[in-house]
Amino acid sequence: MPIKSLFTVLTDPALIAPALDAATVLARTHDAHLDIMCIGVDASQIGYFHASASAALVEQCLARAQDRAAEIRAAAIKHMEGSGIRWCSNIEVAPIADMGRRIGAEARYADLAVVPKPYVEGAGGEVEAAAEACLFNGRLPALIVPEGAVMPETPERVMIAWNDSFEAMSAVRAALPILLRASKVHVVIVDPPVHGPDRSDPGGRVSQFLARHGLHVEIDVLALTLPRVPDILLQRASDMNAELMVLGAYGHSRLRESMFGGATRNLLENAHLPLFMSH
């Protein structure tokens with residue numbers, strides 16, 4: 001499916017540049033429209049705060065959230081001046097407990113979400129909540145963009161982190177419009193199971209799928225030489241100068257990953273290149 005509708009959700013004016021720059025490149029490349037949600041988080045947690053909280057406190061928190069959303073929108077408008085693409089913006093105010101529902105209701109009408117990388121210094125929990133809302137509530141693939149990363153119009157090298165999961169295949173399908181512009185696609189597999197169904201040809205089926213779409217594909221099978229798989233994937237991405245990594249997101253539950261860690265969480269914390277994720 002072509003990419004014709006992009007969505008981004010912004011929660012901090014200091015973190016808007018990576019997502020808006022990447023979304024602008026994608027909108028220009030794919031002739032797509034960009035919807036920008038500027039959301040202010042209501043810290044009073046209406047419906048969740050202690051019953052003794054005063055009406056004045058609730059009103060003050062709501063006003064602060066509205067001002068924050070307006071500040072984000074003003075920064076986004078300034079950033080998008082002269083972009084030359086079709087875009088629009090809107091303001092939302094929501095308690096963090098309701099962010100998922102609000103964002104998901106808008107995100108589900110897009111083809112791809114483009115959001116800043118969570119787990120960076122100075123980023124609040126709402127950045128993580130916004131990214132997860134796109135993936136889970138909006139059921140939308142998401143491009144996670146770290147600070148300083150560049151999303152090229154025509155990527156030279158794209159890396160697919162393949163583990164034969166439904167999530168990984170979902171990401172590959174969703175990323176096809178971008179993959180088709182790449183010069184070379186590497187399917188990277190770390191320590192494939194010796195008794196798995198593809199043990200004699202790891203990555204062969206997904207490579208065949210991509211080749212039938214006209215892509216030039218190489219398969220890299222890597223040994224588990226570092227303690228964590230995400231470290232190996234990021235090292236391989238650096239070695240091959242990959243400009244984008246495509247992967248499945250949250251093969252385990254979000255609760256398990258937040259408590260005990262996981263591949264998705266580790267990659268989001270340490271990635272230096274854009275991550276195209278789908279659940």
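The values are calculated or read from the model by the stated rules, or taken from the named source; none is laboratory data. Quantities reported herein were computed from a predicted structural model and do not represent experimental measurements. So basically every Cβ, Gly included, is an ideal-geometry build from the backbone, and we count neighbours across all protein chains shown. Heads up: the accessible areas ignore ligands, DNA and RNA and are worked out on the full protein's heavy atoms, side chains in. Shrake-Rupley method; radii C 1.70, N 1.55, O 1.52, S 1.80 Å.
State whether the residues of the range 201-215 include one that is within 23 Å of Asn270 (Cα to Cα) and open to solvent by less than 90 Å² (accessible area, probe 1.4 Å). Break it down into steps so the answer makes sense when it comes.
Our first condition is that a residue be within 23 Å of Asn270 (Cα to Cα); within the range 201-215, this holds for none.
Scanning the range 201-215, I find no residue that is within 23 Å of Asn270 (Cα to Cα) and open to solvent by less than 90 Å² (accessible area, probe 1.4 Å), so the answer is no.
Yes or no, residue by residue, for (1) open to solvent by less than 10 Å² (accessible area, probe 1.4 Å); (2) closer than 15 Å to His279 by Cα; (3) under 15 Å from the mean Cα position of the chain (by Cα):
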{"position": "Lys78", "(1), (2), (3)": "no, no, no"}
{"position": "Arg86", "(1), (2), (3)": "no, no, no"}
{"position": "Gly104", "(1), (2), (3)": "yes, yes, yes"}
{"position": "Glu126", "(1), (2), (3)": "no, no, yes"}
{"position": "Ala175", "(1), (2), (3)": "yes, yes, yes"}
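Contact annotation: residue pairs with Cβ atoms under 7 Å, 6 or more positions apart or on different chains, pairing a residue in the range 242-255 that is under 19 Å from Leu143 (Cβ atoms) and of a type in the set (Ser, Thr, Tyr) with a partner that is outside any helix (DSSP H, G or I) and modelled with pLDDT of 55 or more, are Tyr250/His279. Across the range 41-48, a minimum of one residue is classified as open to solvent by less than 50 Å² (accessible area, probe 1.4 Å), part of a strand (DSSP E or B) and modelled with pLDDT under 95. Evaluation of Ser165 against the conditions (1) under 20 Å from the mean Cα position of the chain (by Cα); (2) buried (at least 20 other Cβ atoms within 10 Å of the Cβ); (3) more than 20 Å from Pro116 (Cα to Cα); (4) not aromatic (Phe, Trp, Tyr) shows that the sole unmet condition is (2). So which pairs qualify, if the first residue must be in the range 178-195 and on the phi > 0 side of the Ramachandran plot, the second must be modelled with pLDDT under 95 and aliphatic (A, V, I, L, M), the Cβ gap must be under 6 Å, and the two must be at least 6 apart or on different chains? Sorted first by the residue in the range 178-195, then by its partner, the pairs are Asp191/Leu224.
Residues that are of a type in the set (Gly, Ala, Ser) and within 16 Å of Ala174 (Cα to Cα) within the range 101-148 comprise Ala107, Ala110, Ala113, Gly138, Ala142, listed in sequence order.
The number of residues in the range 130-154 being more than 17 Å from Val246 (Cα to Cα) and assigned to a loop (DSSP other than H, G, I, E, B) comes to 3. Candidates Ser207, Ser183, Ser238, Ser200: the one that is at pLDDT 85 or above, within 19 Å of Ser165 (Cα to Cα) and among the hydroxyl-bearing types (Ser, Thr, Tyr) is Ser207.
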